[in-house]
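All remarks here apply to the structure that follows.
We did not get these values from a lab; they are worked out from the coordinates using the rules stated. Just so you know, these numbers come straight off a predicted model, no measurement behind them. Virtual Cβ from ideal backbone geometry, glycine too; neighbours counted across all protein chains shown.
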Amino acid sequence: MLQPDITIRIIPMNAPVAPPTPITQSLPVEGMTCASCVGRVERALAAVPGVVSASVNLATEQAEVVSAGPVDRAALVAAVDRLGYSVPAQTVDFAIEGMTCASCVARVERALMAVPGVTVASVNLATERATVTGTADAARLQRAVEAVGYEARRLSASPTGDAEGAARKAAEDAVLRRDLVVAAGLGLPVFALEMGGHLFAPVHHLIMTTIGMQASWVLQFVLTTLVLLGPGRRFYLKGYPALWQLAPDMNSLVAVGTTAAYAYSVVATFLPGLLPPGTVNVYFEAAAVIVTLILLGRTLEARAKGRTSQAISRLVGLQPRTARVHRDGAVVEVPVSEVRTGDLLELAPGARVPVDGAVTTGDSWIDESMITGEPAPVAKTAGALLTGGTVNQTGALTFRATAVGDATMLAQIIRMVEAAQGGKLPIQTVVDRITLWFVPVVMALAALTFGVWLVFGPDPALTFGLVNAVAVLIIACPCAMGLATPTSIMVGTGRGAELGVLFRKGEALQALQGVRVVALDKTGTLTAGKPALTDLLLSPGFERAAVLGLVAAVEARSEHPVARAIVAAAGSEGVRLPEVSGFVSETGFGVRAMAGDVPVHVGADRYMAQLGLDVVAFAPDAARLGTEGKTPLYAAIGGRLAAMLAVADPIKPTTPAAISALQDLGLRVAMITGDNARTAQAIGRQLGIDTVVAEVLPGGKVAAIRQLRADHGPLAFVGDGINDAPALAEADVGLAIGTGTDIAIEAADVVLMSGRLTGVPDAIALSRATMGNIRQNLFWAFVYNAALIPVAAGVLYPAFGILLSPVFAAGAMALSSVFVLGNALRLRGFRSGTEGEAV
């Protein structure tokens with residue numbers, strides 16, 4: 001007898017053992033103010049069991065902890081917390097692979113929430129992403145997801161998108177399409193042999209006279225086995241492990257249903273004596289066709305999902321891959337990732353702007369429609385700001401990079417859209433609670449169906465029980481419920497981004513559709529925010545250009561905002577300003593000077609009276625200006641009354657249409673301003689605003705919002721300035737004008753990138769359309785399951801003799817998800833204005 005070769009190695013007791021590889025963890029620490037704080041934190045971290053060393057940097061507020069083996073991050077966080085310092089919560093995004101239904105979402109969320117240090121975990125089926133907030137280590141979160149049977153891959157913030165994830169998705173879709181073709185090719189003969197023989201007598205006769213029924217069943221067995229072990233094995237590899245862990249999902253339903261049909265058919269084919277008389281039938285075609293139809297549904301679903309995320313793909317595609325940069329005295333083409341802040345770049349006609357910057361030389365027009373939604377190109381000269389992703393038109397520009405990589409406006413927009421698409425609306429929490437128990441309940445109903453038919457059903461009761469139980473398992477569709485909300489959010493927020501409406505928080509979609517009053521800040525929101533010359537009325541014998549030139553020449557010596565508006569008007573009209581001498585400002589009256597050799601006086605009516613000039617000729621126009629909230633000024637030239645001028649903050653051209661559109665949506669419009677009541681009321685009348693709240697101090701806007709909310713219901717506030725930030729935060733929904741300050745934008749829930757006020761009714765109409773779409777999806781998903789599961793169980797059989805074949809159940813289940821996705825995709829047709837509500 002041959003003996004196997006056995007090699008025995010004896011290791012001496014004193015042989016050197018390789019030391020374990022040290023593990024380093026990075027930990028942010030807040031609250032440290034001096035070197036003593038650093039020492040305390042270092043000692044506390046070093047005292048945690050397993051820690052070899054700890055180093056804390058006060059400037060970066062980071063702690064580096066080295067351990068000989070794995071150390072629980074929660075223990076490190078607790079050590080810092082006990083000292084009175086804090087480890088701030090961080091948000092980490094993961095791509096989750098392998099989820100197929102709402103039950104999968106619930107399993108992943110439960111696994112993440114069970115990790116110590118996690119405060120919030122949100123998983124999105126449509127985007128296949130998980131967003132986790134807390135102090136837990138990313139590696140531990142990843143292991144938690146993998147422990148429940150899914151794959152997790154950490155995502156990094158990048159304006160170029162998740163290239164690795166896109167490549168994986170493309171490969172998975174290719175495998176799915178291949179499996180569908182294989183399953184269809186193998187399953188079609190099974191269906192033809194079995195169902196053809198049942199439905200058409202000639203086909204049955206042909207089978208019986210050629211290969212015979214037993215050979216037909218054996219052939220069906222071979223083909224179905226290939227379908228289940230090949231394209232269908234994905235259902236068993238995921239479905240049964242989930243079932244063993246008492247967390248069944250949709251894969252479990254398919255696995256149990258097809259296995260029951262297949263196993264029964266195998267017994268009927270090879271061991272028919274084990275079955276009661278009259279029950280020897282095969283259902284190979286049910287198992288094979290179920291797998292084929294569900295793969296068809298998933299293929300269509302994958303294609304539709306790809307279309308729902310096209311908004312992000314388009315945004316990512318806006319950034320060019322290369323840029324022309326000045327390096328060492330020459331212009332070279334480099335990857336855009338190598339551009340640094342401060343670099344000087346060249347922009348050719350027709351090229352996309354690679355990064356954010358400021359023009360140094362050149363003149364051109366830039367198409368910013370892909371960022372702001374505004375179709376008209378914008379003129380750019382020296383000093384103008386450029387946004388990465390926009391398109392240069394005809395001129396060549398040289399500009400200096402001011403923001404690159406993750407700091408660009410395009411990267412921030414992508415992050416905002418992704419965050420909104422990944423968010424969960426309050427309505428989704430109700431759905432999640434239902435879907436958590438949906439699959440277990442369906443499996444219990446299937447078992448109940450089998451038992452009832454077995455006990456009370458007609459002969460062959462076993463066959464009836466099996467077929468109807470399989471139909472119940474197969475027709476149930478948690479996918480439709482899981483996709484109903486996130487797909488609509490994805491398409492709705494993506495369409496909003498195309499219109500220049502950015503939802504920074506997905507929750508704003510639901511909150512915005514319920515607002516009853518829209519409150520608007522005046523300066524910079526309803527108006528341009530910059531005083532401008534609005535009226536110049538002349539006395540007989542004077543010309544506009546001459547009067548404007550003389551008045552502007554005198555006002556150029558003043559720093560008053562009204563004076564700057566007059567000077568700007570002269571500049572825009574190309575009027576030459578004469579030399580000025582003897583400038584005097586008379587407080588409370590006006591200014592005077594010699595413009596060339598002509599005396600010029602500019603001021604209020606009382607100044608003209610002091611000069612002995614009667615302004616009664618302008619009295620009707622002065623009264624009109626007063627009703628418009630404008631204060632008139634008068635100009636005397638050469639001792640004669642020459643003109644009446646008015647400077648005001650002009651109303652934006654889009655404001656009247658926006659106010660009208662809001663009122664057409666059934667909303668009450670309010671204006672909150674610090675202006676005096678007379679001016680505010682005049683603007684309110686001019687625009688048809690319902691409620692005017694005037695003479696409000698910056699700190700009083702919050703109180704005004706609370707009062708409006710108490711009087712009229714949920715409120716949205718629109719603002720643009722630093723002093724609007726508290727009001728934006730206080731409102732049920734805050735909308736910031738994209739041309740406003742960063743502080744206002746950070747406090748807002750929605751950002752209007754174009755700066756157009758018509759973006760407000762667009763945002764509200766889009767919110768209503770999206771929520772309506774979600775309600776349609778949820779209605780379909782719940783009604784579908786509530787109506788067809790009883791039909792599949794056979795409740796119609798006693799009265800009408802109707803039973804639902806498992807094959808038709810599989811087709812209905814596959815199409816239910818496709819219906820939800822197709823309905824969500826209708827939001828891509830949303831149009832700007834109230835007409836979009838029809839979507």
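Dividing the Cα radius of gyration of segment 597-712 by its Kirkwood radius returns 1.13 for Rg/Rh. Its Cα gyration tensor gives the chain an equivalent ellipsoid; the semi-axes, largest first and in whole Å, are 68, 36, 25. Report note on the peptides 760-770, 487-497, 182-192: ranked by the mean count of other C-beta atoms within 10 Å, highest first, their order is 487-497, 760-770, 182-192.
The angle separating the long axis of helix 478-498 from the principal Cα axis of greatest extent in the chain is about 20 degrees. Among 251-259, 667-675, 26-34, sorting by the average number of other beta carbon atoms lying within 10 angstrom of each residue, highest first, gives 251-259, 667-675, 26-34. Cross-link pairs exceeding 24 Å in C-alpha to C-alpha distance, out of 169/238; 380/522; 380/652, comprise 380/522. Rounded to 0.05, the FRET efficiency of the residue 83 and residue 153 pair, given R0 = 35 Å and the Cβ-Cβ distance, is 0.50.
Distances between placed amide hydrogens fall under 5 Å for residue 535 paired with 646, all partners being 5 or more residues away or on another chain. Peptide packing: for 584-590, 132-138, the average count of neighbouring Cβ atoms within 10 Å per residue gives the ranking 132-138, 584-590, highest mean first. Semi-axes of the equivalent ellipsoid of segment 644-734 are 21, 17, 12 Å, computed as sqrt(5λ) over the eigenvalues of the C-alpha gyration tensor in descending order.
FRET efficiency for the pair residue 623 and residue 729, taken as 1/(1 + (r/R0)^6) with r the Cβ-Cβ distance and R0 = 35 Å, rounds to 0.25.
Restricting the calculation to Cα atoms, segment 48-176 shows an Rg/Rh of 1.03 when the hydrodynamic-style radius is the Kirkwood one. Remark on segment 73-139: ratio of C-alpha radius of gyration to 2.2 N^0.38 Å is 1.25. Normalised Debye scattering of segment 492-623 at q = 0.12, 0.15, 0.21, 0.22 Å⁻¹ gives log10 I(q)/I(0) of -0.63, -0.80, -1.42, -1.50, counting only Cα atoms as equal scatterers and leaving out solvent.
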